[in-house]
1. What residue, among those in segment 150-179 that are part of a loop (DSSP other than H, G, I, E, B) and open to solvent by 50 Å² or more (accessible area, probe 1.4 Å), is farthest from ligand 2 (Cβ to nearest atom)?
2. Within segment 128-138, track down each residue that is touching a residue at least 12 places away in the same chain (Cβ under 8 Å) and either within 19 Å of the chain's Cα centre (by Cα) or in a helix (DSSP H, G or I) (or both).
3. State which residue pairs qualify: first residue free of Cβ contacts under 8 Å to residues at least 60 places away in the same chain and on the phi > 0 side of the Ramachandran plot and inside segment 147-167, second residue surrounded by fewer than 20 Cβ atoms within 10 Å (Cβ to Cβ) and not small (G, A, S) in any location, beta carbons under 8 Å apart, and separation of 6 or more residues or different chains.
4. Return yes when A227 is more than 18 Å from E146 (Cβ to Cβ), away from ligand 3 (no atom under 16 Å from the Cβ), open to solvent by 20 Å² or more (accessible area, probe 1.4 Å) and part of a loop (DSSP other than H, G, I, E, B) and no when it is not.
5. Considering each residue of segment 182-207, count those that are farther than 18 Å from E144 by Cα, aliphatic (A, V, I, L, M) and more than 14 Å from ligand 4 (Cβ to nearest atom), and give that number.
6. Mind checking which residues of segment 189-208 are open to solvent by 10 Å² or more (accessible area, probe 1.4 Å), over 15 Å from A172 (Cβ atoms) and either outside any loop (DSSP other than H, G, I, E, B) or away from ligand 2 (no atom under 16 Å from the Cβ) (or both)?
7. Looking only at residues that are in a helix (DSSP H, G or I) and open to solvent by 50 Å² or more (accessible area, probe 1.4 Å) in segment 67-77, which one is farthest from Q33 (Cα to Cα)?
Amino acid sequence: RAKVRGRGIMAFYDQAMDQEVRERRQMEADLRQAIERCEIQLVYQPMRSVAGGEVCGYEALVRWQHPVHGQLSPKVFLPIAEDTGIIIALGEWVLREACRTASRWPVETRVAVNISPVQFRLANLAFVVSRILDETGLSPERLELEITESALIKDRPATLETLRQIKALGVAIVMDDFGTGYSSLSNLQSFPFDKIKIDRSFIAAMGEDENARSIMRAVIGLGRSLALPVTAEGIETPEQYNMVADEGCAQVQGYLFGKPNPAPCEDFGTADSGYPRDVAQNTA
Ligand code: C2E
Ligand code: MG
Ligand code: MG
Ligand code: MG
């Protein structure tokens, strides 16, 4: 009897797995065509300087407007893009689109682009970056590439060489999501970073968690010792802003200052729009 029931459960699992595999294959097939179907879009989130309160750059974040599932988060489709290699074409599209768009902004602010570890394993990433800068006419000083520590675990000499080539172009390299994943202080020593971003999870936990506050302070202190500016991401409240600003954080980013937006240029006329008054006063 148990056997019969067992078989039934197996059949159920088989069916569920079939369904999952089918959905994933469909998603893959959809993703392969998403660029040419113009379903991929970039949104831009402002980064603000703590010292002056001005926008010092925008981070480009990818979105997929799926014909059936609606707008999908990169957390859903980037893993598929990375497993299948689609990320190579997608990442190149993102970089070109971000540079092209930024080259048309009425102010010469920076644009930050996230680079997947899979893109980093390509030997020719620096060449791709250089070609896209040429094509779009964006000045290299206006481009920042954000990479996470997972990009640094495999083949460190090759990664270091790629980073050096990209820096030689005049492009800045940012260590994203610092403190999560495979954090190692030696990464900061061995690789030529220009900026550190503290992960949003520490900012979110600062309110109740003394340890999260300590880590935030330590990261900002580390940045100061290494002469690397630190950005705090995911700032949602004036309290969070005050805590990181008091510690000497250089830049802030988060819903408090602006959500990712397809057309950030519209804010450019009024650089201070959306900047909360109490926060603005605190920076004075
Ligand atoms: P990330 O690079 O750390 O980007 C910050 C994420 O935090 C973004 O999520 C942003 O929308 C979100 N965020 C910003 N401020 C706040 C806030 O105040 N509160 C909350 N709750 N969230 C905030 P998003 O756009 O979903 O992107 C998630 C991750 O996907 C990014 O994390 C990045 O690792 C990756 N990603 C996004 N776009 C690209 C891309 O074009 N290429 C690659 N390779 N990865 C990308
Ligand atoms: Mg990022
Ligand atoms: Mg980040
Ligand atoms: Mg993050």
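The values are calculated or read from the model by the stated rules, or taken from the named source; none is laboratory data. Since we're looking at a predicted model, the values are computed, not measured. Neighbour counts are summed over all protein chains in view; Cβ atoms, including those assigned to glycine, are modelled from backbone coordinates with ideal geometry. The accessibility values were calculated without ligands, DNA or RNA, using every heavy atom of the protein model including side chains. Shrake-Rupley method; radii C 1.70, N 1.55, O 1.52, S 1.80 Å.
1. Going residue by residue through segment 150-179, those that are part of a loop (DSSP other than H, G, I, E, B) are 153-155, 169-171, 179.
Narrowing further to those that are open to solvent by 50 Å² or more (accessible area, probe 1.4 Å): 153-155, 169.
On the way: I153: 18, K154: 20, D155: 22, L169: 20 Å.
Looking at the filtered set, the residue picked out is D155.
2. Within segment 128-138, the subset touching a residue at least 12 places away in the same chain (Cβ under 8 Å) is 128-130, 132-133, 135-138.
If the condition is that a residue be touching a residue at least 12 places away in the same chain (Cβ under 8 Å) and either within 19 Å of the chain's Cα centre (by Cα) or in a helix (DSSP H, G or I) (or both), then V128, V129, S130, I132, L133, E135, T136 are the ones that fit.
3. That search, which allows pairs on different chains as well, returns D155/R121.
4. yes
5. Going through segment 182-207 one residue at a time, the tally reaches 2.
6. Q189, S190, R200, S201, F202, A204, A205, G207, E208
7. Of the residues in segment 67-77, the ones in a helix (DSSP H, G or I) are 74-77.
Narrowing further to those that are open to solvent by 50 Å² or more (accessible area, probe 1.4 Å): 75-76.
On the way: K75: 19, V76: 16 Å.
In this case the residue turns out to be K75.
Matching residues to (1) more than 12 Å from ligand 1 (Cβ to nearest atom); (2) closer than 26 Å to E141 by Cβ; (3) not acidic (D, E):
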site: T159; (1), (2), (3): yes, yes, yes
site: L163; (1), (2), (3): yes, yes, yes
site: V171; (1), (2), (3): yes, yes, yes
site: M175; (1), (2), (3): no, yes, yes
site: G179; (1), (2), (3): no, no, yes
site: S186; (1), (2), (3): yes, no, yes
site: Q189; (1), (2), (3): yes, yes, yes
site: K197; (1), (2), (3): no, yes, yes
